[in-house]
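Some notes on the structure that comes next.
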Amino acid sequence: ASQAEVELRCDASRALLRVTDDGCGFDVGARSDGADSYGLPSMAERAEIVGGRLTVRSRPGLGTTVTATVPVRPA
């Protein structure tokens, strides 16, 4: 990737972290078996442990967007 954008938003109920790049991208479905997965299954598991969700959008030649959304607990 030659460029990446990071977005962080938080409100009273949730935090969202989104990372988008203009890299080579990949076929998300082809990597769902965990082989050569770049750690995405581990990231998804960690988000789920705290009640959140991780989504990955990517296509060969079109870059990748990874979005993590997790609940925010009151202080």
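The values are calculated or read from the model by the stated rules, or taken from the named source; none is laboratory data. Note that the structure is a prediction, hence the values are computed from the model and not measured. As a convention, Cβ positions derive from the backbone with ideal geometry for all residues, glycine included, and neighbour counts pool all protein chains shown. Ligands, DNA and RNA are stripped out before the accessible areas are found, and what is left, the full protein with its side chains, is counted by its heavy atoms. Shrake-Rupley method; radii C 1.70, N 1.55, O 1.52, S 1.80 Å.
Looking at region 28-45, which of the residues that are surrounded by 12 or more Cβ atoms within 10 Å (Cβ to Cβ) and not in a helix (DSSP H, G or I) is modelled with the highest pLDDT?
Across region 28-45, the extreme among qualifying residues is V28.
Just the residues that are of a type in the set (A, V, I, L, M) and open to solvent by 40 Å² or more (accessible area, probe 1.4 Å), please, taken from region 57-70. Give the derivation first.
Within region 57-70, the first condition is being of a type in the set (A, V, I, L, M), and the residues that meet it are 62, 66, 68, 70.
If the condition is that a residue be of a type in the set (A, V, I, L, M) and open to solvent by 40 Å² or more (accessible area, probe 1.4 Å), then L62, V70 are the ones that fit.
Give the number of residues within region 1-23 that are farther than 16 Å from A44 by Cα and in a strand (DSSP E or B).
First pass over region 1-23, keeping only residues farther than 16 Å from A44 by Cα: 1-14, 20-23.
From the residues that got through so far, the ones that are in a strand (DSSP E or B) too are 4-10, 14, 20-21.
Summing the residues that are farther than 16 Å from A44 by Cα and in a strand (DSSP E or B) in region 1-23 gives 10.
List every residue pair whose Cβ atoms lie under 6 Å apart, where the two residues are 6 or more positions apart in sequence or sit on different chains, the first residue falls within region 60-74 and is at negative phi, and the second residue, located anywhere, is among the acidic types (D, E) and open to solvent by less than 60 Å² (accessible area, probe 1.4 Å).
T64/D21
Which pairs turn up if I take residues in region 2-29 that are small (G, A, S) and look for partners that are outside any strand (DSSP E or B) and surrounded by 14 or more Cβ atoms within 10 Å (Cβ to Cβ) with beta carbon separation below 6 Å, at least 6 apart in sequence or on another chain?
What qualifies is G23/G63; G25/G63.
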